[in-house]
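The values are calculated or read from the model by the stated rules, or taken from the named source; none is laboratory data. Note that this is a predicted model, so its numbers are computed, not measured. So basically every Cβ, Gly included, is an ideal-geometry build from the backbone, and we count neighbours across all protein chains shown.
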Amino acid sequence: MAAGLGVLDAGTLTTVQDAGRWGLERFGVPVGGAMDEFALAAANRLVGNPPDAAALECVGAGPLLRAGRDTLAAAGGAGFALVVEGRRFPLWMAVRVRRGQRVGLSALSDENAPGVWGVLAFAGGVDVPPVLGSRTTYLRGGFGGVQGRALQAGDILPLGRPSLGAWERAGDCLPEGARPAYSLEPVLQAVVGPQAEAFQPQALEVFFHSSYQVLPASDRMGYRLAGPRLIHAGAADMLSEGLARGAVQVPGDGQPIVLLADRQTTGGYTKIAVVARASLPLLVQCPPGRGRVRFQPVEAAQAQQSWRQLCAAWEAREEDALLTPV
C-alpha cells in the first residue's frame, strides 16, 4: 500500500471534509465543510495541522483504516472513540499510529448521550486533490474529496507532510473544560433574524420559550425541528437571498429548519433567527429523533464573543495550557 491510509471498512457514511469551499456561493456552489467546526479544528490542532485541514468525517458506524506510514491521529466530536489496533482511546487526544496498524472510529451505543458526527484527523491532513479551492466533499454535487463520494473499502487516502514537531504532540489532549458542552437538550444562542417582522408579534416569544424536537429528517443541509408553530404575519415566502450557516428558516407549516454545512446558497423562506456559530456544534451533535433544543436570545456581539472563547482552545500555541499532555 502507498504511504497514506488504506480504507478497510468505510463505515456507514465517511467523507473527506475541511473548513469548506468559501467564496463561490455567488456561483451557486455551497460552502459545505465539516458539520462540527469545532471538532475539525481541535482535532487538527492536536496533530499539528492548521485548523482548516482536511480530515475524515463520519456518521453512524465509523471507518477502519490501515496506516501506510507512521502518523499521529486525533478524533473529535461526540458519540465515538478512537481505536488503534483494537485499543480504545478517548476523543480529543493525539495518539501515535505505527505503520501497518489499524486505526478508526468506533461508535458508542449510549442512548442517553449526545453524538452524531465524528472527526478523525491525521498529521499532515488528508491530501486529496483540492477542487475549487477545497478538499471538502459535496455529495449532492458529486465533487471534492474522493471523486465526490463517500469512502469505499479499497480507497487509498494520501496524507500530507506533518508539521515540524508534530510527533512531540503524542499524548496531548484537550481539557474537558475547553470542549463544547454537548447535550441531548442543549440551549442554543440565537440572534433575532432578518425577517423577524414577517411573523406575528408573539412568534419570537414562542420561539425563545419553547422546546423543539430534532426530527429524524435532518441531514447535512439542515436540521428540521418540531414544536409550537411559528405563525407568519403574511406569506412565508420572500424573494430569495443568500443564506448563512445557522439561519433558521420557517416555511409555511411554521416549523423551523436550521440551515447547516450543505445548505443551498439562496433561499426564499423567512428567517426568524440565526443560531450563533458557537452553538452549532451543540446542535449538530444533538441526535435526530432523540434530542431536543431550546433557544436563548443574544445580541450579535455576544454571539461573536462566544465563538472567540470557544476558539481559544485550538488557537492557542503549543506552550499554552489549553493543550496539555496526559
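Going through (1) out of contact with any Leu (no Cβ under 7 Å at 6 or more places or on another chain); (2) over 30 Å from Val29 (Cα atoms); (3) acidic (Asp, Glu) one by one, Asp155 falls short only on (2). Among the residues of the stretch 135-155, the one identified as among the hydroxyl-bearing types (Ser, Thr, Tyr) and not in a loop (DSSP other than H, G, I, E, B) is Tyr138.
Of the listed requirements (1) within 24 Å of the chain's Cα centre (by Cα); (2) part of a strand (DSSP E or B), Gly268 misses just one: (1). Residues in the stretch 204-224 that are within 18 Å of the chain's Cα centre (by Cα) and in a strand (DSSP E or B): Val214, Gly222, Tyr223, Arg224.
The residues on offer are Arg88, Arg69, and the sole one that is over 21 Å from the mean Cα position of the chain (by Cα), outside the structural domain of Ala261 (by TED's automatic domain parsing) and part of a loop (DSSP other than H, G, I, E, B) is Arg69.
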